[in-house]
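Peer 1: This is the structure I want to talk about, given as structure tokens.
The values are calculated or read from the model by the stated rules, or taken from the named source; none is laboratory data. Predicted model, so just to flag it, every value in this text is computed and none were measured. Note: ideal-geometry Cβ built from the backbone for every residue, glycine included; neighbour counts use all protein chains shown.
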Amino acid sequence: MLQTLRRSRISGVGKFLPPRIVKNQDLEKLMNTSDEWIKQRTGIEERRWIEPGMTNAAMGHEAAVQALKDAQKTPEDIDAIIYATLSPDHFFPGCGVMIQKSLCPGKTVPALDIKNQCSGFLYALSVADAWIKSGIYNCVLIVGGEIHSTGLDQSPEGRDIGVLFGDGAGAVIVEPTDKTGDGILVTKLHSEGEHLEKLWCHGPSSSDFPRLIKGSQVIGESYFPSMDGRFVFKNAVTRMCEVMVESCQSIGVKVKDIDFVVAHQANLRINSMVLEQLEVPAHKTLNTLQKYGNTTAATLPIGLQEAKEGGLLKPGQLVAMVAFGSGFTWGATLIRWS
Ligand SMILES: CC(C)(COP(=O)(O)OP(=O)(O)OC[C@H]1O[C@@H](n2cnc3c(N)ncnc32)[C@H](O)[C@@H]1OP(=O)(O)O)[C@@H](O)C(=O)NCCC(=O)NCCS
């Protein structure tokens, strides 16, 4: 006889932002930009950039410790780790094993790395949800962490992308829930590799022959991210709206039933267009972009942490998370919060 699959819920949230605040005015000194342009076109006022010595995994560790505490768990309880990042500390191995080493040394739990940029956290959540539902694991740690600042073109020509991104990490604990109807209800994920070069970073690339030349430090244009901003903007609005509707339809609810939206933070104009098209009132969301810029895979868990800390997430609410990013990859999840 088929057994009903159990559900999973997010039982703890955490975040870590490096203390160094970089204001738009600071960037005016580095790039050909202005506070006015950045605020008007994106909504960003400041972002956090690391100081030398900080690592992606160290930020992830701090966020994970906070998430464990929030879930009333200890590192001993972790069954599996998933680390979403596009900016790992090393070419290989990924940050997952670094967290395993720092958080639960001697405990050989699996550690999986996910490279899906701004939607990385949703891809990670979908894997954790499947693991929990199928009974494979009972306590999954997900970390989304990014260090963008060390990879941005901070010269005058770097303004297109250099002003947009920030560093930081967020984490959640995913566990089974006993309450009927609670937890993660659905996650819908998509990709469209046709547009991969619309927002990407070519190098260092294994297909460059050779990849690197010993003894020489090559800093070519291809080592900096590049983006067709307008194209990405239009696709972000369309796809995030589509996937929200798709998610709702798949479980027989309406978009108007959603109580709170935690959306990816790339541009406030993108988010207000998405909410407007979906007819979701602005008070049903929160934006962190003004303070942190775009922190790609770290954005959603950071947003979730701030929403929970701010008392904006209440048991029984239908909470949506939605993201779009490089790949293109995008997705949405619906959670009955508990
Ligand atoms: C990047 C983005 C903010 C640019 O805004 P935009 O209104 O599309 O601006 P454009 O790229 O058309 O550029 C307009 C002008 O501003 C200039 N500009 C670009 N960056 C600038 C900056 N930081 N400061 C000042 N001027 C800038 C451009 O050179 C251009 O000048 P021109 O008209 O003389 O050619 C916007 O397209 C965007 O947010 N795109 C999506 C980003 C995104 O979602 N990314 C990640 C998904 S995870």
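Peer 1: I'd like to verify a number: residues in the stretch 145-166 that are of a type in the set (A, V, I, L, M, F, W, C) and within 11 Å of the ligand (Cβ to nearest atom), how many? Break it down into steps so the answer makes sense when it comes.
Peer 2: First pass over the stretch 145-166, keeping only residues of a type in the set (A, V, I, L, M, F, W, C): 147, 152, 161, 163-165.
The next check asks that each one be within 11 Å of the ligand (Cβ to nearest atom); those that pass are 161, 163-165.
Count: 4.
Peer 1: Determine which single condition residue 316 fails, assuming it passes every other condition in (1) under 21 Å from residue 39 (Cα atoms); (2) without any contact (Cβ under 8 Å) to a residue 60 or more places away in the chain.
Peer 2: Unmet condition: (1).
Peer 1: In the set 79, 70, 35, which member is modelled with pLDDT of 95 or more, in contact with a Phe, Trp or Tyr (Cβ under 7 Å, 6 or more places away or on another chain) and acidic (Asp, Glu)?
Peer 2: Sole residue among the options that is modelled with pLDDT of 95 or more, in contact with a Phe, Trp or Tyr (Cβ under 7 Å, 6 or more places away or on another chain) and acidic (Asp, Glu): 79.
Peer 1: Here's a follow-up. Across the stretch 283-305, which residue is nearest to the ligand (Cβ to nearest atom) among those that are in a helix (DSSP H, G or I) and without any contact (Cβ under 8 Å) to a residue 40 or more places away in the chain?
Peer 2: Among those that are in a helix (DSSP H, G or I) and without any contact (Cβ under 8 Å) to a residue 40 or more places away in the chain, it is 284.
Peer 1: Can you tell me which residue is farthest from residue 132 (Cα to Cα) among those in the stretch 7-36 that are of a type in the set (Gly, Ala, Ser) and touching a residue at least 24 places away in the same chain (Cβ under 8 Å)?
Peer 2: Step one: filter the stretch 7-36 for residues of a type in the set (Gly, Ala, Ser), giving 8, 11-12, 14, 34.
Those left that are additionally touching a residue at least 24 places away in the same chain (Cβ under 8 Å): 8, 11-12, 14.
Numbers: 8: 6, 11: 13, 12: 15, 14: 20 Å.
For the stretch 7-36, the residue satisfying everything is 14.
Peer 1: Further, regarding this structure: Answer yes if at least one residue in the stretch 274-282 is within 13 Å of residue 326 (Cα to Cα), in the same structural domain as residue 303 (by TED's automatic domain parsing) and assigned to a loop (DSSP other than H, G, I, E, B), and no otherwise.
Peer 2: Checked against the condition, which is being within 13 Å of residue 326 (Cα to Cα), in the same structural domain as residue 303 (by TED's automatic domain parsing) and assigned to a loop (DSSP other than H, G, I, E, B), the stretch 274-282 yields no hits at all.
Peer 1: Now, a different point. Can you spot a residue in the stretch 188-204 that is surrounded by 13 or more Cβ atoms within 10 Å (Cβ to Cβ), within 16 Å of the ligand (Cβ to nearest atom), among the basic types (Lys, Arg) and in contact (Cβ under 8 Å) with a residue 24 or more places away in the chain? Write out each step before concluding.
Peer 2: Residues of the stretch 188-204 surrounded by 13 or more Cβ atoms within 10 Å (Cβ to Cβ): 188-192, 195-196, 198-204.
In the following step, the residues that additionally are within 16 Å of the ligand (Cβ to nearest atom) were identified as 189-192, 195-196, 198-201.
Cutting the leftovers down to among the basic types (Lys, Arg) gives us 198.
Narrowing further to those that are in contact (Cβ under 8 Å) with a residue 24 or more places away in the chain: 198.
Yes, the stretch 188-204 contains a residue that is surrounded by 13 or more Cβ atoms within 10 Å (Cβ to Cβ), within 16 Å of the ligand (Cβ to nearest atom), among the basic types (Lys, Arg) and in contact (Cβ under 8 Å) with a residue 24 or more places away in the chain.
Peer 1: I would also like to ask the following. Checking the condition within 14 Å of the ligand (Cβ to nearest atom), in contact with a Leu (Cβ under 7 Å, 6 or more places away or on another chain), over 25 Å from residue 14 (Cβ atoms) and not in a helix (DSSP H, G or I), which residue from 327, 331 passes? Spell out the reasoning first.
Peer 2: Numbers: 331 fails: over 25 Å from residue 14 (Cβ atoms).
It is 327.
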